[in-house]
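Asks: Structure below; questions to follow.
The values are calculated or read from the model by the stated rules, or taken from the named source; none is laboratory data. This one's a predicted model, so the numbers in the text were calculated from it and none came from an experiment. Cβ: placed from backbone, ideal geometry, glycine included. Neighbour counts: every protein chain shown.
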Amino acid sequence: MLGVINREFFWKLWTQSRVGCPVTLNFKRWCLCLVWAAAVVLTSGLVCAGLRAAESVVAPQVLIYADGDRVRGNLLERSGELWVFQSEKFGLLKVPVTAARVETAADGVAMASGLAFKQIVPTAAPKPTSTHEDLDELEPAGWARFTPLALTHTLQEFFGPWKGRFSISLEDVSDSSSRNTTLVELHMKRTWKRDEVDGTLRYDFSQTANVATKDLVKLTGSWRRDYAYKLFSIYRPTSEYNRAFKAPDGIAVNYLLLQQEIGAGLNVFTTPQRKLRAGLSENLFDVWIVAPDSRHAAQTSESIFAELEWSLPWRLRLTERGVWYPPFRSGSEGWENRLELNKKLTETLSVAIRHETRTNNPDVRIQDYTLLRLLVGLDF
């Protein structure tokens with residue numbers, strides 16, 4: 001037996017004296033101190049965890065284009081004159097700093113294009129690795145691959161410094177006879193300090209009552225170089241192949257045409273909004289008849305030309321090129337004109353109305369014509 005537990009015995013034990021100082025344990029006071037200490041430690045831990053979580057969370061950012069289009073994601077870096085932006089839907093985007101700005105969705109503070117990236121974003125996300133799995137994750141998924149913005153960035157990656165437009169025009173009519181017309185065109189352009197090079201590849205097809213009336217592939221180029229005193233020189237080669245051409249005598253022939261225009265002129269005025277050029281050219285025409293027989297014809301002709309580029313309000317742009325062939329060689333004057341009014345709907349989509357006319361052209365490739373077309377374009 002351990003004995004009988006006596007309350008008075010324990011009370012004497014807790015209240016006994018040591019070196020003249022009584023030792024007394026107060027359970028109530030000690031429990032209160034322990035509760036306060038635990039509360040202080042728990043509160044400090046929660047505050048530190050909240051601060052660390054706030055530091056680790058990066059506010060989402062928004063890439064805002066000049067036309068107002070917005071893309072959510074995170075800015076990785078500024079590489080030269082390009083924003084390298086990791087979007088949520090379209091993958092990795094590279095956008096010129098002059099065409100867009102980046103804002104933080106939390107506070108709406110804009111990033112100026114002239115500032116360095118380190119001054120704006122203190123914590124940069126790590127660059128994605130070049131593994132195959134990461135590249136697949138960066139690409140837009142599903143129907144996002146076919147949005148105008150995704151297609152534009154795909155074309156920009158493919159063509160690099162070249163700017164251009166991919167246009168298409170369709171017509172399908174059924175009344176007394178069925179008619180359909182298809183036009184697909186790709187225009188490319190690149191500008192240097194004194195030189196400007198552009199090219200256009202076009203396929204034009206027309207069919208009436210299941211009979212092809214036009215089956216034309218045309219490639220047009222231009223190289224213009226500016227000199228002092230507003231002078232410039234120009235070289236414009238044009239090549240076209242037509243497999244549905246009827247000569248004036250009614251005979252169907254296939255032909256290949258090469259026209260070379262070499263000229264010089266004067267820049268009347270060249271401002272960012274308006275440009276006007278005029279000059280003189282010498283034209284060399286070479287026509288090869290492919291079918292039903294083979295023959296070649298060549299001739300030359302002088303011409304006077306004028307080119308106009310005019311930027312209008314509401315993101316409209318008017319371009320025109322007119323050529324007049326004096327009656328020095330052929331005995332009758334000729335005229336060729338192309339007028340186009342383009343409207344940019346967004347940074348990537350545009351619509352255009354084009355009017356073309358040709359009368360008494362020196363070469364005899366096709367008869368005179370006048371056409372009016374509505375085109376939908378994808379700019380890149």
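Here's the yes/no breakdown for (1) over 30 Å from A212 (Cβ atoms); (2) under 38 Å from the mean Cα position of the chain (by Cα); (3) not acidic (D, E):
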site: T271; (1), (2), (3): yes, yes, yes
site: N283; (1), (2), (3): no, yes, yes
site: A298; (1), (2), (3): no, no, yes
site: S301; (1), (2), (3): no, no, yes
site: E307; (1), (2), (3): yes, yes, no
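Asks: If you don't mind, another one. Can you tell me which of N267, N254, N242 is touching a helix residue (DSSP H, G or I) at 6+ places or on another chain (Cβ under 8 Å) and either at pLDDT 90 or above or more than 30 Å from R317 (Cα to Cα) (or both)?
Replies: N267
Asks: Shifting gears a bit: Could you count how many residues in region 175-189 are small (G, A, S) and in contact with a strand residue (DSSP E or B) (Cβ under 9 Å, 6 or more places away or on another chain)? Working first, answer last.
Replies: Restricting attention to region 175-189, the residues satisfying the condition of being small (G, A, S) are 176-178.
Next cut, in contact with a strand residue (DSSP E or B) (Cβ under 9 Å, 6 or more places away or on another chain) only: 177-178.
Here the count works out to 2.
Asks: Being in the same structural domain as R317 (by TED's automatic domain parsing), without any contact (Cβ under 8 Å) to a residue 12 or more places away in the chain and under 37 Å from the mean Cα position of the chain (by Cα) is true for just one of Y229, Y241. Which residue is that?
Replies: Criteria check complete, one pass: Y229.
Asks: I would also like to ask the following. For a quick check of your reading of the model, give me the residue pairs whose first member lies in region 320-335 and is under 22 Å from E307 (Cβ atoms), whose second is part of a loop (DSSP other than H, G, I, E, B) and among the charged types (D, E, K, R), with beta-carbon atoms closer than 8 Å and at least 6 apart or on different chains.
Replies: Listed pairs, sorted by first residue: W324/E333; Y325/E333; P326/E333.
Asks: If I filter region 187-226 down to residues being farther than 27 Å from I168 by Cα and in a loop (DSSP other than H, G, I, E, B), which single residue comes out as farthest from the chain's Cα centre (by Cα)?
Replies: R194
Asks: Give me the residue from region 203-239 that is aromatic (F, W, Y) and surrounded by fewer than 17 Cβ atoms within 10 Å (Cβ to Cβ) and, out of that set, farthest from S178 (Cα to Cα).
Replies: For region 203-239, the residue satisfying everything is Y229.
Asks: Which count do you get for residues in region 311-326 that are of a type in the set (F, W, Y) and either loosely packed, with under 15 Cβ neighbours inside 10 Å or modelled with pLDDT of 95 or more (or both)?
Replies: So the count comes out to 2.
Asks: Would you check if there is a residue in region 308-315 being closer than 30 Å to K344 by Cα, in contact with a strand residue (DSSP E or B) (Cβ under 7 Å, 6 or more places away or on another chain) and in a loop (DSSP other than H, G, I, E, B)?
Replies: yes
Asks: Using the structure shown, decide if R338 is under 22 Å from K218 (Cα atoms), of a type in the set (K, R) and either surrounded by fewer than 16 Cβ atoms within 10 Å (Cβ to Cβ) or modelled with pLDDT under 85 (or both).
Replies: yes
Asks: Check I289, I304 and return the single one that is part of a strand (DSSP E or B) and within 16 Å of Y241 (Cα to Cα).
Replies: I289 is the lone residue from the list that is part of a strand (DSSP E or B) and within 16 Å of Y241 (Cα to Cα).
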